[in-house]
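The values are calculated or read from the model by the stated rules, or taken from the named source; none is laboratory data. None of the values given here were measured: they were computed from a predicted structure. Here the Cβ positions follow ideal geometry from the backbone for every residue, glycine too, while neighbour counts run over all protein chains shown. The accessibility values were calculated without ligands, DNA or RNA, using every heavy atom of the protein model including side chains. Shrake-Rupley method; radii C 1.70, N 1.55, O 1.52, S 1.80 Å.
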Amino acid sequence: VGASRSPPPGPPESQLDFARQNIRASQDTQEQHLRFSSGSHQGTRDMEGKSTFGYPFFKPEKGRYTDMFREKYVKHSIEKGILPEDSLSNEKINSLVASNDPNDKLHFWQLYSVLGRDGMKEIITAFYTSVLGDTENTWFAEAFREKPLRRHVRGQCEFWLDLMGGGVEYKKGLEGLEVLHEASSEVMTSQGAKVWMDHLYKTLDSYECPDHRVKEAIVEFCLFLMGDYEEQFKFKHSGAPPAKYSGGCPFHRSKSPPAESSAGCPFQTSRAPPAKPYLHRSRL
């Protein structure tokens, strides 16, 4: 982890923050992250012969908004018939630790236990690097170039960590998030959402991960949030994620999904049939 540093002078609160950062740095060792993201961790098998990954790789803790978004997702999924009625009291579903059984669903609030801080930062950095370097959709890239890459990465990392089991990180509040999106209203459109998701899929395509559920959970996270953005900015989208990430949409996992799935992801309100299956419009 490296040489330890002395705590800064100041009130106990600042020293507590310092200790907390050091603890998390110890948890998120670079060796462990590289071992997983490079694909060298292919999982093992338990005594019954079932495949297992050995999670948690990183010890999770609830953030400021973990409970809120987890409960909202679970309730919405119960209403849609995606999760069983007892899901709010189901320990496996609500756990912040991802299941080691590859046949179990991996939820977005369990991602920290798999990826840790460095894993999330790697994905987010690659994503915003792609966005800022977009020479084809310059109108889209320009909307993000007012801030340097590091600020985009830091803000998105704090949001992901807070919701996904990385502890209290997102301190600006949901009101601040709404203000941030209002300032980028020119890209909060159907076309902007399409370009955004193209960059996300491009990022995930290049990210090596032995557990396919990780990418599916990230896609599902985006689709879930998309409903709020649709309502806030009054635009519609339709379609399903690419087949390789079809696990991110509960109605698109099976080879013969329900008829209603042809109207798009069940998390969304739009019911227009997709023009192309790849263009599931969403936003991180």
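Name every residue in the range 61-81 that is polar (S, T, N, Q) and modelled with pLDDT of 95 or more, in order of residue number.
Answer for the range 61-81, where residues must be polar (S, T, N, Q) and modelled with pLDDT of 95 or more: just Thr66.
Of all the helices (runs of 4 or more DSSP H) wholly in the range 137-249, which have at least 1 residues that are open to solvent by 60 Å² or more (accessible area, probe 1.4 Å) and modelled with pLDDT under 80?
Output list reads 173-182, 212-233.
Within the range 117-136, restricting attention to residues that are in a helix (DSSP H, G or I) and either in contact with a strand residue (DSSP E or B) (Cβ under 8 Å, 6 or more places away or on another chain) or open to solvent by 50 Å² or more (accessible area, probe 1.4 Å) (or both), which residue is nearest to Lys194 (Cα to Cα)?
Thr129
Does Ile124 meet the test of being out of contact with any Gly (no Cβ under 9 Å at 6 or more places or on another chain) and within 13 Å of Leu161 (Cβ to Cβ)?
yes
Yes/no matrix, rows are residues, columns are (1) open to solvent by 50 Å² or more (accessible area, probe 1.4 Å); (2) touching a residue at least 12 places away in the same chain (Cβ under 8 Å); (3) more than 22 Å from Leu161 (Cα to Cα):
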{"residue": "Lys75", "(1), (2), (3)": "yes, yes, no"}
{"residue": "Lys80", "(1), (2), (3)": "yes, yes, yes"}
{"residue": "Glu85", "(1), (2), (3)": "yes, no, yes"}
{"residue": "Ser89", "(1), (2), (3)": "yes, no, yes"}
{"residue": "Ile93", "(1), (2), (3)": "no, yes, no"}
{"residue": "Ala98", "(1), (2), (3)": "no, yes, no"}
{"residue": "Asp101", "(1), (2), (3)": "no, yes, yes"}
{"residue": "His107", "(1), (2), (3)": "no, yes, no"}
{"residue": "Gln110", "(1), (2), (3)": "no, yes, no"}
